[in-house]
Every structure is written in structure tokens, then in C-alpha cells.
Amino acid sequence: MRHVNIPVFIPHLGCPNQCVFCNQRTISGVDDFVADDVRRIIDDALETVENDAEVEIAFFGGSFTGIDRTLMISLLEIAHSYIASGRVSSIRCSTRPDYIDAEILDILKKYGVKTVELGLQSTSDKVLEITKRGHNFEAELKSCQMIVDYGFDLVGQMMIGLPGSDIDSEIETARFIVSMGAVGARIYPTVVFRDTELCFMTEAGEYTSLSLDDAVRRSAAVLEVFIEAGVEVIRIGLQSSENLSDPESYVAGPNHSALGELVIGEVYYNKICKSLSHHNLSGNENITVLVSRGSLSKAVGQNKRNKLRLVEKYKNIRLGEADNIPEYGILLDINNGEIKCI
């Protein structure tokens with residue numbers, strides 16, 4: 001059964017805070033929010049969805065649980081009416097850690113919300129302070145625990161390359177999301193948009209955005225944490241539709257139409273190199289690397305990025321695919337010897 005999200009964007013409503021990286025109006029492409037348009041948005045989307053799809057209404061873009069309480073309940077009532085009619089199966093929303101409490105969770109539960117996506121971004125108090133998140137790690141810990149205890153599915157959203165962050169703090173953030181029982185995660189390398197404080201910091205030389213290669217490397221390290229824990233990564237990087245191609249909005253940062261593909265490819269490259277490093281190889285052996293059926297293009301990498309790098313180290317290396325290999329699993333055959341699963 002195909003899962004379909006119907007996104008309803010609520011830019012900045014309910015969020016008095018202004019994080020240095022944030023301009024939700026730019027990212028979502030929505031300047032104003034008209035509550036009366038919500039039914040139209042949902043109805044228009046449902047017309048394009050096949051009858052047997054699992055459909056979810058998703059309130060994205062702002063801090064949903066921080067908006068005016070009357071408006072929040074009104075939106076939930078609209079969404080819940082589609083659940084009652086059988087046209088939609090569930091609701092999800094995204095919000096901030098400091099807009100979670102027992103009263104809010106009771107309301108979400110009442111109206112059929114299944115998933116709460118929490119903008120954690122970083123577990124480092126240093127990074128949270130520099131980026132002006134308006135809360136500390138303790139708030140993240142408390143809100144995650146409450147969400148899970150209430151029986152909601154937790155999805156953790158985190159960022160790569162924030163001011164003050166490094167690969168170690170980012171890995172720690174991923175491990176925290178895993179430890180809290182999250183069922184999913186989103187990884188967003190930091191992009192600089194115009195009319196944000198991060199833009200001014202960039203122009204003043206106070207912040208330097210990650211290169212594409214660094215963003216891929218650090219995102220891959222985080223992705224490996226989630227893969228090992230069996231936590232689904234829903235998305236890596238902003239969508240191309242989120243004004244990344246608009247020079248009036250985009251200023252700097254890792255911007256690639258296939259960023260997720262590059263990151264997944266890097267995970268495969270790291271896995272292959274690590275597996276081969278366990279053997280005392282001269283570089284002249286005949287090596288076959290097999291991955292799961294359907295994963296060959298990921299292992300080869302975009303524009304053969306991985307294959308070209310591997311050939312530089314191991315002259316006679318071939319990549320292929322086979323049945324009965326788990327996702328991200330690898331089978332090695334060295335000099336036509338015994339195939340070993342890594």
C-alpha cells in the first residue's frame with residue numbers, strides 16, 4: 001500500500017522565535033496562511049490519490065502546537081473529519097520541543113494525530129544557543145519522552161553543519177534520536193537563505209557553509225547511525241521545490257538535486273572500503289562486491305562516483321547485485337575465493 005502525505009504548510013504561525021537559519025516563508029514558498037483554504041488543499045490532493053493508498057494529512061512548516069489554540073483545534077477538526085469519512089488514515093504534525101506538554105498531547109490524541117515530528121536540530125546546548133533555538137537539550141529530552149509515553153510515533157528532525165556543530169555533535173544528535181525510540185528521522189544539511197540571521201553571519205564572515213563533499217560525508221555518518229538502529233530516514237536535504245533554485249532566496253550551502261542519493265552512495269562507499277580494509281590487499285586482486293538486488297546504482301554512486309574512487313584503490317574491482325543480501329549488506333569475493341558477507 002502506497003503512503004501519501006498531504007502537506008498543509010503553516011509558515012511561522014505560533015513561532016515567536018527566529019532561529020538564525022530559519023525563514024519558513026522562503027522554504028515553504030507560502031507567504032500567508034488562509035485557514036479556509038485547508039479543505040480545498042486536502043480535497044485537491046485526494047483527487048490525485050488512488051483509492052487504496054494510505055493517506056495522511058501533515059501539518060508542516062511551522063510550530064503547529066504553538067499556534068493559537070482555537071485555530072489549532074479548528075485545523076485538527078477539519079483533518080479528523082477526513083479520518084471519520086474514511087478518506088484519510090491519520091494526521092501528523094511538526095513542532096518544537098518547547099511546545100509540547102500534557103494538554104497539547106491530549107488534544108493531539110483526541111483528534112487522531114499519529115505522528116509528531118520534532119525539530120531537534122542538535123542536542124548540543126552550545127549549538128542551540130548559537131542558533132537561537134530558544135530552548136536547551138533538557139527541553140528536547142522531556143518532550144521526546146512525553147511524545148513516546150503518550151503513544152505517538154516520534155520522528156526526529158536534525159540538521160548538519162549548523163554554526164558551532166561538528167561531525168561528533170551531529171552523530172550524538174542522531175544517537176539521541178535513536179535512543180528516544182524514534183520511528184523515523186529527517187536529515188537536513190544547513191542551507192543559507194536570504195533574510196535570515198545566518199545570511200548576515202555568512203556575509204560578515206562569521207559562518208561558512210559546508211561544501212557539498214563535507215555535507216555528504218557528515219550526513220552519511222549520521223545516516224549510518226540510523227541504518228544500524230533500523231530507524232527509517234524519511235528525507236535527506238530540502239526538496240528542490242523549496243526555493244533552492246531561486247537566486248532571490250538561496251544564498252549558500254550544500255545544494256544538489258540528488259543530495260540524498262549522494263549521501264546513500266557515500267554510505268555504500270564507506271561500507272565497501274571498511275569491508276575491504278579487513279583484508280591484506282595489494283590492490284591487484286580480482287574483487288567482486290555484491291549488494292542487494294536493486295541497490296547497484298546506489299553502490300556505484302551517482303555518475304559512477306563510488307566506482308571511480310574504488311578503481312583508484314583496487315584496479316580489478318567489479319560491483320554487482322544478487323538475491324538474499326539485506327539492504328546495505330555486502331558480499332565480497334576476492335580472487336574467486338569464498339564469498340564473505342559483511
key: Every pair of residues 6+ apart whose Cβ atoms lie under 6 Å, when the first sits in region 27-50 and is at negative phi and modelled with pLDDT under 70 while the second is in a helix (DSSP H, G or I) and surrounded by 17 or more Cβ atoms within 10 Å (Cβ to Cβ)   = ASP31/ARG25
request  = May I ask you to say which residue of GLY181, GLY156, GLY164, GLY205 is among the small types (Gly, Ala, Ser) and within 14 Å of the chain's Cα centre (by Cα)?
outcome  = GLY156
task = Filter region 262-317 down to the residues that are surrounded by fewer than 21 Cβ atoms within 10 Å (Cβ to Cβ), in a loop (DSSP other than H, G, I, E, B) and on the phi > 0 side of the Ramachandran plot, then identify the one that is modelled with the highest pLDDT.
result = GLY294
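To keep it simple, each residue is scored yes or no on (1) surrounded by 18 or more Cβ atoms within 10 Å (Cβ to Cβ); (2) touching a residue at least 12 places away in the same chain (Cβ under 8 Å); (3) not aliphatic (A, V, I, L, M).
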{"site": "THR173", "(1), (2), (3)": "yes, yes, yes"}
{"site": "VAL178", "(1), (2), (3)": "no, yes, no"}
{"site": "GLY181", "(1), (2), (3)": "no, yes, yes"}
{"site": "ALA185", "(1), (2), (3)": "yes, yes, no"}
{"site": "VAL191", "(1), (2), (3)": "yes, yes, no"}
{"site": "ASP195", "(1), (2), (3)": "no, yes, yes"}
{"site": "ASP214", "(1), (2), (3)": "no, yes, yes"}
{"site": "GLU228", "(1), (2), (3)": "no, no, yes"}
{"site": "HIS256", "(1), (2), (3)": "no, yes, yes"}
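Only one of ALA139, ALA79, ALA185, ALA84 is of a type in the set (A, V, I, L, M), in contact with a Pro (Cβ under 6 Å, 6 or more places away or on another chain) and modelled with pLDDT of 95 or more; which?
On the way: ALA79 fails: in contact with a Pro (Cβ under 6 Å, 6 or more places away or on another chain); ALA185 fails: in contact with a Pro (Cβ under 6 Å, 6 or more places away or on another chain); ALA84 fails: in contact with a Pro (Cβ under 6 Å, 6 or more places away or on another chain).
One residue alone meets the criteria, ALA139.
Check whether at least one residue in region 224-242 is in a loop (DSSP other than H, G, I, E, B) and modelled with pLDDT of 95 or more, and report yes or no.
Going residue by residue through region 224-242, those that are in a loop (DSSP other than H, G, I, E, B) are 230-231, 237-242.
Filter once more, keeping what is modelled with pLDDT of 95 or more: 230-231.
Scanning region 224-242, I find at least one residue that is in a loop (DSSP other than H, G, I, E, B) and modelled with pLDDT of 95 or more, so the answer is yes.
Checking the structure you have, find out if any residue of region 213-221 is under 13 Å from ARG96 (Cα atoms) and in contact with a strand residue (DSSP E or B) (Cβ under 7 Å, 6 or more places away or on another chain). Can you show your working first?
So in region 213-221, the residues under 13 Å from ARG96 (Cα atoms) come out as none.
No, that holds for no residue.
The values are calculated or read from the model by the stated rules, or taken from the named source; none is laboratory data. Every value quoted in this text rests on a predicted model; they were computed, and no experiment measured them. Quick reminder, even Gly has a Cβ in these numbers, built from the backbone with ideal geometry, and neighbours come from all protein chains shown.
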